[in-house]
């Protein structure tokens, strides 16, 4: 998915920045699916799926944490 001006994903990106999130990745893709953003704030990771099925975001976030051996995150949350 490409992020174009005035797209829902672009609006979410701007909102994340305004709210103080550090966007680590845009359009993270793996063999399971895609999340639009992986962001971090206050030691927590957030997996953001814009108009994506909740299950896809959950599976991708689990894959991401396992793939990169992340175990010390306070929490991983999903924003839809």
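What strands (runs of 3 or more DSSP E) completely inside the stretch 1-64 contain at least 1 residues that are touching a helix residue (DSSP H, G or I) at 6+ places or on another chain (Cβ under 7 Å) and free of Cβ contacts under 8 Å to residues at least 24 places away in the same chain?
Passing ranges, in order: 22-29, 34-41.
Are any residues in the stretch 45-80 surrounded by 11 or more Cβ atoms within 10 Å (Cβ to Cβ), in contact with a strand residue (DSSP E or B) (Cβ under 6 Å, 6 or more places away or on another chain) and at pLDDT below 85, and if so, which ones?
Result: 73, 76, 77, 78, 79.
Against the condition surrounded by 13 or more Cβ atoms within 10 Å (Cβ to Cβ) and modelled with pLDDT under 90, how does residue 39 come out, does it pass?
No: the conditions fail for residue 39.
The values are calculated or read from the model by the stated rules, or taken from the named source; none is laboratory data. A quick note: this is a predicted structure, and the numbers were derived from the prediction, not measured. Glycine also receives a Cβ, built like all others from the backbone with ideal geometry; neighbour counts cover every protein chain displayed.
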